[in-house]
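Written out below as structure tokens is the structure these notes cover.
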Amino acid sequence: MKNSRRKFLTSISMLAAASAFPVQSFGFGKSRKLKVVLVGTGIRGTSFWGKRLVDEYSDILEFVGLSDVNSGRLDYAKEYIGVTCPLFTNFDKMLKKTKPDLVIVTTVDATHHEFIIKGLEFGCDVLTEKPLTTDGDKAQRILDAERKSGKNLIVGFNYRWSPYNTKIKELLMDKTIGDITSVDFHWYLNTYHGASYFRRWHGLKDKGGSLWVHKATHHFDLLNWWLDSDPSEVFAYGNLEHYGSNGPFKGANCRTCEHKGNCEYYFDITKNQRLMDLYVANENHDGYIRDNCLFRDEIDIYDKMSAQIKYANDVTVNYSLTTYSPFEGWRIAFNGTKGRIEASLDIPYNINTNVDQAEMHAKEMEQNAVEEAMTENIIVHKLWSDFDTVTVPTEKGGHGGGDKRLHDKIFKTPEIEDPYARSAGIRDGIMSILIGIGARNSIETGNPIKIADLTDLVPQAKRIKSTK
Ligand SMILES: NC(=O)c1ccc[n+]([C@@H]2O[C@H](COP(=O)([O-])OP(=O)(O)OC[C@H]3O[C@@H](n4cnc5c(N)ncnc54)[C@H](O)[C@@H]3O)[C@@H](O)[C@H]2O)c1
């Protein structure tokens, strides 16, 4: 036990070191656990950063406070996570009262900056869910706070940690197809997962920054990491043509809707006790409706998105995101000076099986799913040769197995050097959102957007860690 605690005490420092942050020495001894507070006790906060931390790492950390604007959800969270710490609807009071070592931020995206900046200014290390934030001004304020504080900021990019994505990184690092010159990257959200964003706060730009930021931050982080370069310019198109006011009818929410019988998107939240307890039971506190109508007029994000991205190392990328595909999956192709790599996940006709798309979405969100042994392929096709098939064992639960590997790196094996450099810091968090923010600005202005115009970070042909 002592050993695992000692490891953890250095873990955040080591992650930070991987991000070229100054190594911190924590101001506490071996006699006590890391004091953690969490703000945002929604589904991600209570499960992945709440209950899972308590279940797996209680020997090295303890929750000393939970905070949320919804007092009902806070009460539920305390019980669900299994902690006895005090609850706060006021984040500032929580900081003053509990003096934590680490602040975990899992609130609505557009509010992350507030808690990140306050946490850093209070002298805490901060671990935030993606996306780091939702616009360039907030990103700059986070950068300024981080530079002043000398504290560490970690972004929870879990996708890098899935074995399939790591294998792609390995093939690229090994220069299997020479230097990369261009990429095609297309992501398909199905009518369960894709639709779910339009039911929730994610459907409003001022809450999630649009799916260009909320969702695509994952994809752009993968690209930046795979290509090992910073984006320099983006041009994009996008529109809202399927959800929102385009729907054939609308209702107040699914539970009470008179169109239940003829809406393909009808979602019966009453069948999911966890969602009933977390959201429905607490609607009276903040009016947030989890099974909102995805055809409501207030939705202002895009449901089809397409961008061209130029990297500082001259790689060009064609990217698209679809939100109402019959299947969930993605495909990517890297063109290199010595050949081409094609990879895809979950495309039903590639793996020769019909997947239940509703079940697939549920599994993706689960942390403790029992895994069937599965494999997926990566095609490596060198110029003037036959293609080779690289077979990779894959997992479906917890974001392709990325979730638990990210936790283990932070809390269990921080001392093991990672040849793939999967730990993400503030520069990674910012570079990934700037592509989405630039794409949004490009659609709104009709112009290509230079990444260097969005914050004071200068895009580098080869990625660096420093934000100075
Ligand atoms: N890495 C991943 O794969 C992944 C998966 C899911 C969610 N997330 C991220 O986790 C975060 C939370 O998402 P979620 O799905 O749990 O959403 P959610 O709606 O379930 O939870 C958000 C919580 O934040 C609270 N909140 C909102 N504004 C607040 C404020 N100003 N002060 C305090 N509390 C506030 C809400 O009351 C709610 O309890 C988001 O940033 C999301 O992008 C990441």
Open item on the list: Contact list please: Cβ distance under 9 Å, first residue in segment 261-289 and over 21 Å from residue 359 (Cα atoms), second residue open to solvent by 50 Å² or more (accessible area, probe 1.4 Å) and away from the ligand (no atom under 16 Å from the Cβ), pairs at least six apart or on different chains.
Closed with: 262/248; 280/255; 280/270; 289/252; 289/255
Task: Positions within segment 152-177 being modelled with pLDDT of 95 or more and more than 19 Å from residue 419 (Cα to Cα), in sequence order - done: 177
TODO: Among the residues of segment 86-128, write down those that are away from the ligand (no atom under 13 Å from the Cβ) and either under 19 Å from residue 278 (Cα atoms) or open to solvent by 60 Å² or more (accessible area, probe 1.4 Å) (or both).
DONE: 86, 96, 97, 99, 121, 122
Open item on the list: Kindly evaluate residue 314 against the criterion of being open to solvent by 30 Å² or more (accessible area, probe 1.4 Å), away from the ligand (no atom under 16 Å from the Cβ) and closer than 19 Å to residue 202 by Cα.
Closed with: no
Open item on the list: If a residue must be in a helix (DSSP H, G or I) and either open to solvent by 10 Å² or more (accessible area, probe 1.4 Å) or in contact with a His (Cβ under 6 Å, 6 or more places away or on another chain) (or both), how many such residues does segment 227-256 contain?
Closed with: 6
Open item on the list: Tell me the residue from 382, 404 that is surrounded by fewer than 18 Cβ atoms within 10 Å (Cβ to Cβ), of a type in the set (D, E, K, R) and touching a Gly at 6+ places or on another chain (Cβ under 6 Å), please.
Closed with: 382
Open item on the list: If I ask for residues that are open to solvent by 10 Å² or more (accessible area, probe 1.4 Å) and part of a helix (DSSP H, G or I), which ones from segment 428-463 would you list?
Closed with: 428, 440, 441, 443, 444, 445, 452, 453
Task: Number of positions in segment 44-72 that are more than 24 Å from residue 281 (Cα to Cα) and within 13 Å of the ligand (Cβ to nearest atom) - done: 0
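The values are calculated or read from the model by the stated rules, or taken from the named source; none is laboratory data. Everything quoted here is computed from the prediction, not taken from an experiment. No Cβ is skipped: glycine too gets one built from the backbone with ideal geometry, and neighbour counts run over all protein chains shown. Please note that ligands, DNA and RNA were not included when accessible areas were found on the heavy atoms of the full protein model with its side chains. Shrake-Rupley method; radii C 1.70, N 1.55, O 1.52, S 1.80 Å.
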